[in-house]
Structures are given as structure tokens and as C-alpha cells.
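Please read the structure below before turning to the comments.
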Amino acid sequence: MRFATQDGPGIRTTIFFKGCPLCCAWCHNPESQRFLPDRVYFEERCRHCLECAGVCPQHAIGEVDGRVETSDACDYCGTCAGICMAEARQILGRRYTLTELIAEVERDLIFFDDSGGGVTLSGGEPLSQPGFVSAFLRACKEREIGTVIETCGFAQAETFLSTALLADRILFDLKLMDPEQHRLHTGVRNEAILRNLEALLARRHAVTVRIPVIPGINDSEEAMAQFAGYLSGLPPVPVTLLPYHRTGIAKYVRLGREYALEATPQPAAADLERFREVLTRAGLQVTVGG
Amino acid sequence: MTERVARLRQESLDTKPWLSLERASLLTAFYRQAGPLSPPVLRARSLEYVLANRTIYIGAEELIVGERGPSPKGTPTYPELCCHTLEDFEILDTREKIAYCVDDDARRIQRDEVIPYWQGRSMRDRMFAEMTPEWKCAYEAGVYTEFMEQRAPGHTVLGDVIYRKGLLDLKRDVAASIAKLDFFNDPRAYDKEQELRAMAIAADAVIRLAERHAEKAAEMAAAESNLQRKAELERIAEVCHRVPAHAPRDFQEALQAYWFTHLGVITELNTWDAFNPGHLDQHLYPFYRDGLASGALTTEAARELLQCFWVKFNNQPAPPKVGVTAAESGTYTDFCNINTGGLKPDGSCGVNDLSYLVLEVIDEMRLLQPSSNLQLSKKNPERFLKRGLEIVRKGWGQPSLFNADMVVEELLRQGKSIEDARAGGTSGCVETGAFGKEAYILTGYFNLPKVLELTLNNGRDPRTGKMVGIESGDPLEFRCYADVAAAFRRQLHFLVEVKIRGNNVIERLYSRNMPAPYLSLLVDDCIARGADYNDGGPRYNTTYIMGVAPGTCTDSLSAIKYNVFDQKSLTMAELLAALRDNFEGHEKTRLMLWNKTPKYGNDDAYADGILAELFDLFFDEINGRPNTKGGEYRVNYLSTTCHVYFGSVTGATPDGRRAGEPQSDGISPAQGADRKGPTAVIQSAARMDHARTGGTLLNQKFTPRLVEGPEGIEHMARLVRSYFKLDGHHIQFNVVTAETLREAQLHPEQHRDLIVRVAGYSDYFCDLTPALQNEIIGRTEQAGF
């Protein structure tokens, strides 16, 4: 995505890597969770011509009660998306060679140069593809393109460190401090994540810790105190609170998936402020939003 | 803003534009009794008569004085150019938008005095009588418009002359030029003498106008009991007695000198884009600096004077147009566009303390007129750009942003000297000119998609069935895209020549019958050459034809090339049938053309390559052709609101646009065609060779959320600087309103390019669910400035 302005300094191009080892219920990029392509369906654009059904090699598409439905037989070949002139059906995710990706990124070089911007590797989890990401980061460095990685931190320790250190800044997500709670809400425990964060900070690498604030999940007094206690014991690191928002819901609908946090509200400004205060009192430098 | 300014501003906003027949009545009376005078002297004497007999108005609390009409918003007519019918008056009085109040007296004067004399004699009548059948046919089909149909050539900007010289000084220059005339060897000596005598008469006429204001102010001062106002009126009398006869000595005199100059120009003729002080901050700076140094002026006093000056512009709505001309640019805006910043003639940075004060005035006044722009050079500081962007972000459309270094390059390419180029800038919408030295006349918008439509119909206009173009070949016989391009080129060549033949006749009609001796005094080198502004007197004489909708035209050519010849997903016959049926029953085809075809505005080499070819075609056809004034034809790309009119007369186009829908504006991508964000639009727009134009116009839309906070300003600043590094000419940010978003909900296809900031990220508005769209509309209303 070009002209991304929220994930790091200046004007940036953000690359979304597909596939993530976590499965957070609040994820606002659900289309990047799977390591394989995804299929999206924009119902409002669909003209119900059913040409897609006619061309589908797997016969996976049909109309049920006036709705165009796709069965599990779909193998994401994209034939339907090609035939759909209304662009109601699309396949998300494609393979890029290193050369292709660099060419794509270099299109906005002039904007990076002028704004101090660059490339943000997001996802999904970019560090789940360490080989490609390392090569890409090196290529960016050669071309004097600034790089930022957004990561959940869940990766094998050695490859994580050697790859992450190639980027100019790491935006490191912390979801929960309690390992069991972490497993409950994201699918994995967090010991490896914390070790990776500590290793990065020990190397004095530029890191920002980002905490998504999810009402009812990690905004209790206890959870806040745990964050404050842990982070204040680390080498100094700036912290950003990212208030949960519900704008990703539309994506779940298009992907044909359930949204688990249907009842969760956006955090109140007062609650965010309290969170910020708790962390600030622990001596941390905190900003809200992003 | 002071209470005085607030009241004057409010009065300007509250007063409805109304038609004043005073000028028309005086002019007609003068013409009826005028003896056999040469055209320039006749024009100068008519100006003298009007200014000597018109109403003089000085409003309560005003510091800068003088109106075009008898009081604010009183708008004169120019029957010598275009004589309105009584039906026109009825439409002006009653139409919903851009109405002008017309009272019974005005109707009576028009019926009994004006129409009987001017009908058949106006420039409009004379012009149409001289145009060829081909010209009329293409004009009626909407292939082009004709600017001189209802207004006179103007399109120019004042340099620094009035701040150095009074009209008495200029009269001395005129006398010196007359003394040098060689009646033995110069066959035009007599013509020159008549023109120069006319200039001297016009100078006296405007001096007399100022004197009459001085007398009126003195009278009012004598009767004034409020001591402060009495002193102000006495000062006004002193100022009007001094300028513009003599060069101004201080800040107030400089502003008043310009204002009388402005009134002189826009009373003499109804010049396009009114008139314009150009680099106001640079011209006024010495007066400002010296006033502050001597203690005679304070920043606050300067601000108030500037604001009073601003109100003056807003008090003068554009004289009303009718018919097609109203459709192509129906607005009260008279296109006076003040330049701030840029470069000095010596090449150094032109931003000074007064530039910032002018920006504050623009911000506080928030008026339709004068329009304002930043001339941004790489030498100008970030603070200047960011201060301008803070105003841009408020979303009322000003100021626009220009690449001052590119303006210099464009002017140099056209053969101007480096000093003249740096003293230049932009006026009207985006037009490049050498201020104070050039007549750069816009002659008409040119409908590029219509040329393609004619090409696809072998010269015939499908809307009317008339043969408008030439037989450029049966499209069913086209074997490859090159055949399409070649037929398009033949069609374009024919239609451009029809337009230019007309232009060259109209130029002569103006030079013979409608000289502008007062304007000629102000533009170098009319005095030295003894030649009129409308007859090659200026140092530079440029004639422009404006390409409209390169976006729509590029996408349409791309659609043919890609779908018919490369992918072969559609035959030419199928395409023509879909266009003929306005896509009814061909929705799948339309969606393919709309969604699955490379489009300009996406940093896509396929489409942008076609844009570059189209640019060359139009450029090669027009650039460098001689006009009748010793100058040359050039191209520029702007559409004002003409892309809407042109869209209304153009059928369905191969890009998937339906018949009658607006075309793309300026050099912006077609509405909804750009889907990769602003950096991709900028890269595409930069594929156009701006250096070979006299101006291009690029609009970018943002919602307030996307540009909020210091980061928002920073991102806009970086986009601007980057576009200008890529040699872009102009960019304007439209911060969209909730109303636009609602419109986008209803017609998503037209707004596929609309980016909104959702939360931690930005997205295309039309890709959001209705619920989320509504939420963003709600937010936008809250954030509405």
C-alpha cells in the first residue's frame, strides 16, 4: 500500500506479508493471517450474474437463498476474480520475487527521500519469512531506503534477531503479559516473544513497543500493572498504546469469517488515559494512537 | 480582524450581485454622439466619458476606495462586447445559481437605449458573422469554446510599474514615444500616434477618476462629525489626490494606486480574469518595511489596509455571462489570483515578512475573491509552505500551490528573458505569464474526448448526426492501435485548424475595433512600440488553447488499445455498439472497460505512456504556430468547470464513462480511475511534460482526518515538494466535506479515488461498508472546520 503514513516516519509504502503464527481475535488485517491467498467477496458490488459459478473449475460457487456462496472446494485459483468485471470477487495475496518487490517499492523513492520515509514490513508476520525478508532488507539498505518492521515477536530466536537487526526500527507488539492469557487470546504463549524483545533491546536497537488496548482482554488494572512492571525493568523503550477499533469488521464479512469480538466496544478515552498514566508513572515514555 | 473589517467583509458577503446599467448607458450615449475618431482614441474617449460621469462611491468606514459599479456588487455590462437580450436579463434575475438582480430601470435602459444601438454592432455579433460554417458546427457540437465571445482578451497581470511611476510619468513616456515617431519611414507611424494619444487620454481619464474620489472624500470629511473618521476621510482625499497620478509614497498609497489601476482596466473592457496585482507581497514590501522603520505604519495597520483591499476584490463579481459561456464557467469569481512568495527577478527567495502577513489576511478573510496562491520555489522556506498548507487544510479551496521554479522554466522555454521569467508567475486558474510584459490570451477549451468520439464515428457527431469533423476512416477498418492514433491525429489536426483560423480572425477584430489603451499603458513595451495590448504591443504575445480531459481521453485510448487490440477481449464493433447504446444492455462490457483496463493516475506505464503520446499530439499540433500579433500558440491544461459542459455534450466514452457525465478535470485522473493513492497520481501526472505547457492543473482530494495534526501538514508538504521535484506545475488539495462523502455513497463509481483515514490506517471510502461510511461521514462533520 502506497502513501502509508501511519506506520513509521514520513511517506511510506507498506508491504503486507501473508501469514501469521498468532490468531488474535481483534486482528484488523485478517486477510493476512493465512500463509496462502485469501478470497474476498464484496457483496455490494456483486451483480449476481453468476459467471463466476460458470467458470469455477472446482464448481465451488453457487447461489443459495439469493446469496452467492463459495464452498470449501475452492482452491483459490482466481479464475472467478479474473472473470468478475464488477470486481466483487478478488484474490488477495500473490508471490513477489525480490526484484519485483524492490521495483514496486522504488516507485515512491522520491517521496521517501523527501519525507524521511521508506518501507514498512507488516502483515501477517514478516519475520515468518526470514530468508526473503533478510534479502529484501539488505536490498533496501543498499538503495538507502529506510525500513520498519511491524512484528508480533513470535519467531525462532536466532533468525529473529539476525533479520530484525537489518531494519532501521522495529514496531514490536505486546498483547498480554500473562503467558496463559496470551495463549488463550492469541493462540501461543509469550515467553519466546519476550525473549526476542529483550534480545533486541540488549543490542540497543531502535524499538517501539506497541500495546493494542482491547477492552475486557488486556485493560484490567492487573494487566496494566504487569505491563508497567515488565517494561520498566527493560532498557528504556518508547511505548505506544493502540486503541482497539472495529473498522476491520468489514474485512471479516468479505472473507466470509466470523468476528469474535462483536460485543467489544472501542476503549473509552478515560480508560486510555488511565492506562497511559499507569505506564508513565512507571517511568515510561508513552503516546496514544497511531 | 478589526470591527471595521468585519463589517465591510460582512457587507460584501451579504450584498447580492446586481446589474448596473450606468456604464452601458453612459457608453451608449457617448458612442451616439462621438465624432469620427480612430478606434484607439474612440475607446480612450469613451473611458474618459464613463469615468467622468459615473457615480462615485465611498462607503462608511472604508480605507481603500472605489467600486466598478455605483456601489458594492453593482456589476456593469459591456454591450460593446456582448449585448444581452431582455431574455438574458430575465434568466440572470431568476436563475437559481449565480443570479444577478435586475430591476425595472435596468430592463428599460437595456430595451430603450442599449439594445437599439448595440444589437448587430457588438463584438460578439461581429465575431459570429465572420466565423466559417465549420467553425460554427464544431463550436455548437462542443468541440471547443470561444473565450472572446463575451469578454475581452485580458489574462494578464501587472508588474511593478505603478509602484515606480505615476500616470503622469507614463504620460511623459508616451510623449517621448510620440516624439520619436518617424512619419517618413515607418508606414505605421500614424497608427502608432493614434494609439499613443489614446494612452495619454486614458491616463488622464483614470487620474480624473481618482480626483473625483478625492473631491468626494473631502466633501464627506467636511460634513463628518466623528473626528477619527474625519481624519480618515481627509487622508483618503490626500491619497486619491496623489495616486495614481504620481508614484505612491507609502503603504496605503500603494494599495490605493493599485486599486484605481484595477478599476481602470476592468472599466475600460471586461477583461478575462479581471486584473491582478501579481506579486503583491514583493511589490508592497519596500513600503511596508519603510513604514515600520519610520514608525508611520504598524503591522496591525498594514493588516487592516490589506483586509480593506481584499474586500474590494470581493465587491466586484464577474460580469454575467450567458448561454454556453455561462455553462463553461458560470461563477461570481473573476479569477483575480494573487501570488505570494516565489522568486525575485534576481533569482533570490521572494518570501518576506509581508508574505506571511498576506497569508494571515487570506486565512482571516476567507473570501471568494481575490483568489490566492503560493508560488513555491525550492529556495522558499518550509515555514512558508506549511503556513500555506494550514490554510489549505481548512478546506475552502485556497490557496493553491505552484512550482515557481517550473514557472520560470516554462517561460524560459517560450523565449522569455530570465529576469522576466522570474518576475512572472501564474494567474487565472494556473496560467503562466511574464507579469507586466505579456499578453497571454486563453482562447478556448478544447474537448479532447470529443475528438476521439468524432474519430470513432468517422467525423460525425452521434449526438446530432451532423458532420463535425472529417472522414478519418471507418473505425471497423482499423487494424491496429496505430490506425486509431493516426485517425485521431487527422481529426485533431482538422479541428485545431478550424479553431485557429477562427482565433486569428477574432484577434484581428479585437486589434482593429477594441483596442485597450489604458491597459496598454501598464504593460511593457506597448508605449515603446506604440502598439496596443490587443495588437502585439506587449513584449510577449502568447495565444493559448487549453486541452480538456486528458485523463478521460487517455483512459479511452487505453481502453481501445488494451481491450480491442492487445487483449482482444472486445471487438471494435462490440465497443462501438456499447458506446452507441450508452452501455445499456452492455453492463459487463462497461465494467470491463471501467475496472479491468489500465488507467491514467495509477503510476501505470501502459496508461501513462498513452498520456505522453496524447500530450505530444496536442502539443505538436498547436505549439509554435504563429498568432497574428508576432507571438505564438501554446498549450496548457485546465478546465475550470468546462469538463462538466464538455461532458454534457459528449456521448459514452470507451473508458466506461456514460454519456453526459463529467469528464476528468484539469490533468487529474478521471473521477474514480486512480486507485493507488496520491503518490501514484503524482507519478502519473509527472509523466506529462509540464515544461512544454503554460500551466497544468492537478486536484487531489483528502478528508480532513487524513491531513489532521502536524503530521497531516508534514505529509502534504512532502507530497508538494516531491511533485515539484518531479517538475509538476500546480497542485491543489481539496479537503472534502461530509456532503461529498454522501455523494460518494450514492455514486461510488465516481469516487473510487477518495481516500479516507479510517483509524490506524487509510482506506478507499467506497470500499468501506455503508455503516462505516456513515461513521466516517459523522466524524467528518465533527471535524468539519
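The values are calculated or read from the model by the stated rules, or taken from the named source; none is laboratory data. Since the model is a prediction, treat every value here as computed from it, not as a measurement. Using ideal geometry, Cβ is built from the backbone for each residue, glycine included, and neighbour counts are taken over all protein chains shown. These accessible areas exclude ligands, DNA and RNA; they are computed on the full protein's heavy atoms, side chains included. Shrake-Rupley method; radii C 1.70, N 1.55, O 1.52, S 1.80 Å.
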* Solvent-accessible area lost in complex, 10 Å² minimum, residues of segment A:238-258 relative to chain alone, 1.4 Å -> A:H245, A:T247, A:A250, A:K251, A:R254
* What figure in square angstrom, to the nearest 10, would you give for the accessible area of A:R274 with a 1.4 Å probe? -> 80
* Taking K and R as +1 and D and E as -1, what net charge do the other residues with C-beta under 15 Å from the C-beta of A:R276 add up to? -> -2
* Multiply the residue gap between B:T464 and B:D353 by 0.36 nm, knock off their C-alpha separation, and tell me the result in nm, one decimal place. => 34.2 nm
* Please report the orientation-averaged projected area of chain A, defined via the convex hull of its C-alpha atoms, in nm². => 16.4
* Distance violations [Cα-Cα > 28 Å] among B:K344/B:K676; B:K97/B:K312; B:K216/B:K312 -> B:K344/B:K676
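Quick one: order B:F184, A:F112 from most to least accessible surface, probe 1.4 Å.
Details: B:F184 190, A:F112 5 Å².
Ranked list, largest accessible area first: B:F184, A:F112.
To the nearest 20 debye, what charge dipole does the protein assembly as shown have about its Cα centre, counting +1 at the Cβ of each Lys and Arg and -1 at the Cβ of each Asp and Glu?
Working: 122 positive and 145 negative charges, 193 e Å.
Value, rounded to 20: 920 debye.
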* Distance between modelled label sites at A:A199 and B:R742, nm, 7 Å Cα→Cβ extension -> 5.7
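Over chain A, what is the percentage of antiparallel beta bridges among all DSSP beta bridges, to the nearest 5?
Values: 9 of 35 bridges.
Among the beta bridges of chain A, antiparallel pairing accounts for roughly 25 percent.
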* To do: Sum -39500 (n - 2.57) across every DSSP H segment of at least 4 residues in chain B, then divide by the residue count to get the 222 nm mean residue ellipticity, nearest 500.
  => -15500 deg cm²/dmol
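Size of the dipole of segment A:38-92 about the Cα centre, Lys and Arg at +1 and Asp and Glu at -1 on the beta carbon, nothing else charged, in debye to 20? Present the calculation step by step, with values, prior to reporting the outcome.
Values: 5 positive and 10 negative charges, 33 e Å.
Magnitude of the dipole: close to 160 debye.
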* Structure fact -> Rounded to the nearest 10 Å², the accessible area of B:K379 using a 1.4 Å probe with every protein chain kept is 100
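Which FRET efficiency value, to the nearest 0.05, do you get for B:N53 and B:E238 by plugging their Cβ-Cβ distance into 1/(1 + (r/R0)^6) with R0 = 22 Å?
Numbers: r = 25 Å, r/R0 = 1.12.
The calculated FRET efficiency here is 0.35.
Given a 1.4 Å probe and heavy atoms of the protein chains only, how would you sort B:M131, B:M1, B:M220, largest accessible area at the top? Provide the component values of the computation, followed by the final result.
Details: B:M131 15, B:M1 100, B:M220 55 Å².
Accessible-area ranking of B:M131, B:M1, B:M220, largest first: B:M1, B:M220, B:M131.
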* **Between segment A:190-238 and segment B:656-680, the alpha-carbon center distance in angstrom** => 46
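What does the charge count near A:A167 come to, summing +1 for each Lys or Arg and -1 for each Asp or Glu among other residues with Cβ under 13 Å from its Cβ? Write out the running numbers ahead of the final one.
Numbers: positive: A:R12, A:R138, A:K141, A:R169, A:R203; negative: A:D7, A:E150, A:D168.
Neighbour charge sum, excluding A:A167 itself: +2.
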* Structure fact -> In chain B, helical segments from DSSP H whose Cα atoms cover 20 Å or more along their own axis and that average at least 0.5 on the Kyte-Doolittle scale are B:605-622
* Using a 1.4 Å probe, how large is the accessible area of B:I178, given in Å² and rounded to the nearest 10? -> 40
* Structure fact -> Taking every residue of A:107-117, the Cβ atoms of other protein chains inside 10 Å of its Cβ average out to 6
* Asked: Accessible area, 1.4 Å probe, largest first: how do B:R657, B:R387, A:R47 sort?
  -> A:R47, B:R387, B:R657
* Each label point is 7 Å from the Cα along the Cα-to-Cβ direction; what then is the distance between the points at B:A129 and A:H48, in nm? -> 6.5
* Asked: Put a dot 7 Å past each Cα toward the Cβ at A:V40 and A:R107; how far apart are the dots in nm?
  -> 1.6
* In peptide B:673-686, what is the residue-averaged number of other protein chain Cβ atoms found within 10 Å of each Cβ? -> 3
* Asked: Over what distance in Å are the Cα centres of segment B:285-325 and segment B:93-131 separated?
  -> 32
* **Most positive-pole-ward Cα, B:F313, B:P399, B:G547, against dipole of chain B from beta carbon charges** => B:G547
